[in-house]
């Protein structure tokens, strides 16, 4: 049975609608970089589906040799080579160059970075041996497969359960390295140029790459912030070409932090970001307008974000209701007239 929060009062908007000129002003307001999350206040996360509740997430390295399940991308082929001990084994390749245990240590550092950023705990457990792309324990499973001829991707990570629009639950939490690509543990410091390999292509830094993919498994989509760990393709309007792929990147940016804390906490103060995209803009004003008109039944997380008024010395003091005062405060913030 879905978990629900106790209802909180919603007060009607006496205006009843947004004036066309006001809507135009909102749509023309300066845009800002924003994070992207798969859910909007409920679901698309591990453990308690209500945002922002923490989670304990299990993970494993996939059993060597497991096959690809029917939900796997059709171009992928082969079996999991990670952990086989063969020359194709990514762990063998990395440990040969960087020393025994280097691969596992880089993976653990990536998990540690995310757990330090939000109410998250990762627990490594034994893999249950299911194929990639099937519903199998534990929550996050890491393997390596060939992505097919011409695919230059370094890895792929799939979001948590409860979001079949983006990912079938059979893929939930799975991470795969592209075994046909080239990888490294870059010796540089944060912001240093990445080392290059064959053909002058940048080598995929294991830790930075896995930070990105773990972010997806937590429920975070691609960001438009060039320096963000989660920067990547969103649409033809933002194809990811401006993302910084050329430098060592192992530090979560405010964009990354806002995204993960949206989902798992610690809960941010009420800020008007009802659409959970790490900014307050026209989308939030329209959502609050719909709440006031009773055209939208908000979930608990959306209500908490919308309840910003009254403002006392510029600080939100939520009063337990979503009212016209909240609407006006969020409207002013979206137009950059006030900040809080």
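Separation of the range 266-282 and the range 221-258 by C-alpha centroid, Å?
Going from one Cα centre to the other spans 19 Å.
Can you show me the helix-derived [θ] at 222 nm for the chain, built from DSSP H runs with n ≥ 4 at -39,500 (n - 2.57) apiece and divided by the number of residues, rounded to the nearest 500.
Taken over the chain, the calculation gives -7500 deg cm²/dmol.
What is the order of 109, 141, 303, fewest Cβ neighbours within 10 Å to most?
Ranking 109, 141, 303 by Cβ neighbours within 10 Å, fewest first, gives 109, 303, 141.
For the chain, what is the relative contact order in percent, using Cα pairs closer than 8 Å and at least 6 residues apart in sequence?
23
Expressed as a whole number of Å, what is the distance separating the alpha-carbon centroids of the range 133-152 and the range 191-206?
Cα centroid to Cα centroid, the span is 23 Å.
Arrange the peptides 35-48, 67-80, 273-286 so that the one whose residues have, on average, the most other Cβ atoms within 10 Å appears first.
The densest-packed peptide leads the list: 273-286, 35-48, 67-80.
Please determine, in degrees from 0 to 90 and to the nearest 10, the orientation of helix 282-292 with respect to the longest principal axis defined by the Cα atoms of the chain, where the helix direction is its Cα long axis.
Taking Cα atoms only, the helix is inclined about 50 degrees.
Return 93, 294, 333 ranked ascending by Cβ neighbour count within 10 Å, so the fewest neighbours appear first.
294, 93, 333
In nanometres, what is the gap between the two model label sites at residue 93 and residue 315, each 7 Å from Cα along Cα-to-Cβ?
According to this spin-label approximation, the distance is 5.3 nm.
Hey, what angle do you get for helix 254-264 against the long axis of the chain, alpha-carbon based, 0 to 90 degrees rounded to 10?
80
May I ask you to sort 321, 190, 213 by Cβ crowding, counting other Cβ atoms within 10 Å and putting the fewest first?
190, 321, 213
Would you mind computing, in nm to one decimal, how far apart the modelled labels at residue 128 and residue 192 are, each placed 7 Å from Cα along Cα→Cβ?
About 4.2 nm, to one decimal.
Multiply the residue separation of residue 267 and residue 297 by 0.36 nm, subtract the distance between their alpha-carbon atoms, and state the gained length in nm to one decimal.
The residue 267-residue 297 span can extend by a further 8.7 nm.
Where does helix 206-218 land angle-wise versus the long Cα axis of the chain, in degrees 0 to 90, nearest 10?
Here the helix axis deviates by roughly 50 degrees.
Applying 1/(1 + (r/R0)^6) with R0 = 30 Å to the Cβ-Cβ distance of residue 112 and residue 75, what FRET efficiency is obtained, to the nearest 0.05?
With a Förster radius of 30 Å, E is 0.35.
Tell me the label-point distance for the pair residue 135, residue 100, using the 7 Å Cα-to-Cβ offset, in nm and rounded to one decimal.
Going from the residue 135 label point to the residue 100 one covers 4.1 nm.
FYI, it's all coordinate maths here, none of it is from the lab. What you see is a predicted model; the values in this text were computed from it and never measured. As a convention, Cβ positions derive from the backbone with ideal geometry for all residues, glycine included, and neighbour counts pool all protein chains shown.
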